[in-house]
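Following: one structure in structure tokens, then a few remarks.
The values are calculated or read from the model by the stated rules, or taken from the named source; none is laboratory data. What you are looking at is a predicted structure, and each value in this text was computed from that prediction instead of being measured. Here the Cβ positions follow ideal geometry from the backbone for every residue, glycine too, while neighbour counts run over all protein chains shown.
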């Protein structure tokens, strides 16, 4: 059986644990109706005060993907059906009225969230993928044009969801952004901007990979503008000119920057370096590529780097350290801007990083032993902890990592299957390993 636990900020019930109080230790989430027979937790995405859960559940004789949500829905981020309700402190299965848009046969593929907006990617065999958005359009988050000026801010959510369209775009490859040849490879969101990796298929021609984005763009986090001064908001998807888009393997977004990892282990970035958040990118932008993962907090960038051929990993970071989120302490009087996160344990030398989750200003790292035994897993965390984000039982920020979670004796031997971090929140999915 799979369990999902959460800790941290919970003023609007966004932890989904049945209460409206911050949780300083990890607690299991609850469901408004009978808990589904979950076979897999695929993703957890959270905004300021809401959380979206993408899971696989067994219903009768079939397994299907479902979307569940909790927390604040007043801006429509959980769908129009829940806009007038109070905070939802337990997860409820979201009903979005896909039938009205002819999308009832589609399957949920990806989820993401900005501050008060939710994104869901839908797929259907033989058809192109569809991106829908729901919630606030304060910074052009919906990606469908500036609804604020068109309808007035008080009417931001006039319907259940919006379909984000890309057919106004064109590329140098002459690959059309038609409804049937567009596949979403990935979607990542910062506090107020979204970047989507699209695969454009063409008959008798190789597929093209491109990046598009929308939302807040004043700091160049969506790439260079055609004007000297970047537009503060891009309310419609625009092409994001990242270096060599065909080589990008993964990417992440902060508030004012976006970071990209190539398939040869090198980093690149767009946006602001005001808080030195791009310094670790510059450090690993050339030379032999050994970066395995890249992640972003609001004002920081984190790179997991393979140290040797045995797969042993280290973590490097740069950016703001206002809440000790860098994970290393610069020497007194030093102007060092890139540092190695200080893990204070011998066993790290025998383990490799298998997952990293970056929240608003805190970071989680899941280590795995070489033998892949659940008993060799270790979850470590550091940074901002004002709301109990790190599940340590207190609210003290952690300047360097500590081991923050392991199953209780009553749980038996458990295997962590996924970790996530949001705005002052942390999430762990695990199952019985026997």
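A few notes on this one:
- Residue that is surrounded by the most Cβ atoms within 10 Å (Cβ to Cβ) [pool: residues in region 24-74 that are assigned to a loop (DSSP other than H, G, I, E, B) and within 20 Å of the chain's Cα centre (by Cα)]: 73
- Considering each residue of region 38-50 in turn, at least one proves to be modelled with pLDDT of 95 or more and out of contact with any strand residue (DSSP E or B) (no Cβ under 8 Å at 6 or more places or on another chain).
- Here residue 183 fulfils each of the conditions (1) surrounded by fewer than 21 Cβ atoms within 10 Å (Cβ to Cβ); (2) more than 20 Å from residue 73 (Cα to Cα); (3) modelled with pLDDT under 90 apart from (3).
- Qualifying residue in region 108-125 (condition: assigned to a helix (DSSP H, G or I) and either buried (at least 16 other Cβ atoms within 10 Å of the Cβ) or at pLDDT 95 or above (or both)): no
- Residues in region 80-93 that are crowded, with 22+ Cβ neighbours inside 10 Å and in a loop (DSSP other than H, G, I, E, B): none.
- Filtered residue count, region 392-430, keeping only those that are in a loop (DSSP other than H, G, I, E, B), at negative phi and modelled with pLDDT of 90 or more: 7
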